[in-house]
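J.: Take a look at this one; I'll ask things after.
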Amino acid sequence: MVIQTDQMPDIRQLAIIAEQLGRAPRGIEAVAAVDGENTPLVLRMAPIVDGKPFPTLYWLSCDRLKVEISRIEASGVIKQLEARLRDDPDFLAAYHASHRDYVAARWHHMSDAQRAEVERLGYEGVMRERGIGGITNWDQVRCLHTQYAHHLCGHNVVGQWLDAEFNVAACLP
């Protein structure tokens, strides 16, 4: 079970996140999705971390999901997805809509101070043009982990496909 949330992590969640990441977390704005046990699945990240744009809004933190999606990614499905994007105009249009949803969510979650910092540093174009996972070419697929993290928090056709084809959500407690 996935529950969308948008809250700062509590002490328990911070400890889990540090274990999931293998280091102290940085740049976390909120826990964006949790499982039925309130364990973080997806983190929402700050737009600027250490003075640079963070490449993704949503970070998949759940070990089970990371392992399952790595297994799927290693099987070569990104090439399969990119072939479908080339051959299926409806799927491509849905994928472009996913990128637009992602960019809109990134801007929606920024505070006025964060927007001003993005503009001051000259990263407004990057934040408005780069899609899921920081990709510039919206006709390609990069990192199924970021696609699935977005799926759990927004509208993502690749994440929907992963659930339909591989039942990824079944690996959650």
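J.: Go through segment 139-173 and report how many residues are hydrophobic (A, V, I, L, M, F, W, C), surrounded by fewer than 16 Cβ atoms within 10 Å (Cβ to Cβ) and not in a helix (DSSP H, G or I).
T.: Going through segment 139-173 one residue at a time, the tally reaches 0.
J.: Regarding segment 123-134, can at least one residue be identified that is aliphatic (A, V, I, L, M) and touching a strand residue (DSSP E or B) at 6+ places or on another chain (Cβ under 6 Å)?
T.: The answer is yes; a qualifying residue exists.
J.: For segment 10-59, which residues satisfy the criterion of being over 19 Å from ALA104 (Cα atoms), open to solvent by less than 20 Å² (accessible area, probe 1.4 Å) and either in contact (Cβ under 8 Å) with a residue 40 or more places away in the chain or outside any strand (DSSP E or B) (or both)?
T.: Within segment 10-59, GLN13, ILE17, ASP35, LEU41 meet the criteria.
J.: Mind listing whichever residues of segment 96-127 are in contact (Cβ under 8 Å) with a residue 24 or more places away in the chain and either over 24 Å from LEU152 (Cα atoms) or out of contact with any Gly (no Cβ under 9 Å at 6 or more places or on another chain) (or both)?
T.: ALA97, ARG106, HIS109, MET110, GLN114, GLU117, VAL118, LEU121, TYR123, MET127
J.: Could you figure out which of (1) touching a strand residue (DSSP E or B) at 6+ places or on another chain (Cβ under 8 Å); (2) basic (Lys, Arg); (3) in contact (Cβ under 8 Å) with a residue 60 or more places away in the chain isn't true of ARG64?
T.: (1)
J.: Now for a different question. Kindly list the number of the only condition in (1) free of Cβ contacts under 8 Å to residues at least 40 places away in the same chain; (2) within 25 Å of SER70 (Cβ to Cβ); (3) in a helix (DSSP H, G or I); (4) touching a Lys or Arg at 6+ places or on another chain (Cβ under 9 Å) that fails for THR136.
T.: (3)
The values are calculated or read from the model by the stated rules, or taken from the named source; none is laboratory data. All figures in this text were calculated on a predicted structure; none of them were measured in a lab. Because the Cβ atoms are built from the backbone with ideal geometry, glycine has one as well, and the counts that use them run over all protein chains shown. Side chains included, ligands, DNA and RNA excluded: accessible areas come from the protein's heavy atoms. Shrake-Rupley method; radii C 1.70, N 1.55, O 1.52, S 1.80 Å.
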